[in-house]
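The structure under discussion appears below in the form of structure tokens.
The values are calculated or read from the model by the stated rules, or taken from the named source; none is laboratory data. Predicted, not measured: the structure shown is a model, and the values here were computed from it. Please note: Cβ atoms are built from the backbone with ideal geometry, for glycine as well, and neighbour counts cover all protein chains shown. The area values use the complete protein model at the heavy-atom level, side chains included, leaving out ligands, DNA and RNA. Shrake-Rupley method; radii C 1.70, N 1.55, O 1.52, S 1.80 Å.
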Amino acid sequence: MRGVIAVLPGDGIGPEVIAEALRVLDAVATCGGHTFDTRSGLIGGCAIEATGEPLPNETLSLCRASDAVLLGAVGGPQWDNLPGERRPERGLLALRQLLGVYANLRPVIVHDAVAAASPLRPDRIAGVNILVVRELTGGIYFGERRREPLNGKGELASDLCLYTTPEIERVVRVAAMLARGRRGRLTSVDKANVLETSRLWRQVTTRVLEDEFPDVILNHQLVDACAMHLLRAPADFDVIVTENMFGDILSDEASMLAGSIGLLPSASLGDAPSAAGAWRPALYEPIHGAAPDIAGSGTANPIGAIGSVAMMLRYSFELHEEARAVEDAISATLAAGWHTADIAAGGHVCSTSEIGTLVAEQVTADTR
């Protein structure tokens, strides 16, 4: 296998966790005889400092010319006072939209070895294996924004939440297809008792499942009820599909089931896979932010970034055995008691680079 990967380390802890993800990718390449041409680009705050733009044209061109994009994180307090369109996060939102990666997959798996790091009781999180599918390029994050003076009495601000039938159909199809390959259960989350966009979401989801996926069991939940149910009985969920903002919030909540947001990877996929089975375009990133408060300390958890490499191997390169090898190496490393500070519960506390080295060594040992 040969492939071109755009690598965007970004800000804060992004470069640290991406370095370890690439260490593991190198181990996969060496053991499997694969060649991955990694090409670096700027995004977010570091891009603003270098070019004045959060998403330079050179970075966008690089990503469009690559088979996959691997990203660290963006943002930091030094850019908080910039206008909204100039902030680091706008670079990430623009990249997602311009690549057309509308389906964000966020798997939430509880590893027994670090279950004690979760604030929930062990009996509540036993057997949890959830896939959150978040619509990524529509909704309130991409709607029209307005802010203006209000008759000398402060200001008025508004954010438009907008969804179309095709936008809903395509992400629901991805979620239903993935549910069909798992336990066959799909939970669609909305706020249909209040929001018109959610009423359209529920109507379209129901039709798509009835017409195209009659073998998949569909359940509708209001977002507030889902937030409670994720804490009360998380093992009840299989695949969750929801709109952009709800998915952002619920997946961060769900990360606490696993014990740390640093453990969760993600894949953002575009159009349905080709005949060969590969998804392109696709963007891979841990779901955590830039965490500037710990940047440079060597304490960041790289598991989310390494898990994102496993998803990249699976979805962009059809290397399913290699993807499983990375995931098994993560599990084995955690089971052996090697943990970063955010999930340490009696095991040995490791640095970011130590975890990356251990996972890479496990991949090598398992694939000899």
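Worth pointing out:
- Close pairs from region 178-200: first without any contact (Cβ under 8 Å) to a residue 24 or more places away in the chain, partner surrounded by 15 or more Cβ atoms within 10 Å (Cβ to Cβ), Cβ under 8 Å, at least 6 apart: 199/190; 199/192
- The residues of region 98-123 that are surrounded by fewer than 17 Cβ atoms within 10 Å (Cβ to Cβ) and under 14 Å from residue 236 (Cβ atoms) amount to a single one, 123.
- Inter-residue pairs, beta-carbon under 6 Å, first touching a residue at least 40 places away in the same chain (Cβ under 8 Å) and in region 353-368, second among the acidic types (Asp, Glu) and assigned to a helix (DSSP H, G or I), 6+ apart: 356/20
- Annotation: of all residues in region 139-177 being under 23 Å from residue 205 (Cβ atoms) and polar (S, T, N, Q), the one that is surrounded by the fewest Cβ atoms within 10 Å (Cβ to Cβ) is 164.
- Within region 261-276, at least one residue is at pLDDT 95 or above, more than 16 Å from residue 105 (Cβ to Cβ) and crowded, with 23+ Cβ neighbours inside 10 Å.
- When 238, 248 are checked against the criterion of being open to solvent by less than 10 Å² (accessible area, probe 1.4 Å), acidic (Asp, Glu), within 27 Å of residue 192 (Cα to Cα) and in contact with a strand residue (DSSP E or B) (Cβ under 7 Å, 6 or more places away or on another chain), a single residue qualifies: 238.
- Exactly one residue out of 105, 98, 82, 93 is assigned to a loop (DSSP other than H, G, I, E, B) and either touching an Asp or Glu at 6+ places or on another chain (Cβ under 9 Å) or among the aliphatic types (A, V, I, L, M) (or both), and it is 82.
- Conditions (1) over 22 Å from residue 192 (Cα atoms); (2) in contact with a Leu (Cβ under 9 Å, 6 or more places away or on another chain): number failed by residue 214: (2)
- Within region 148-205, the set of residues being of a type in the set (Ser, Thr, Tyr) and outside any strand (DSSP E or B) comprises 163, 164, 165, 197, 198, 205.
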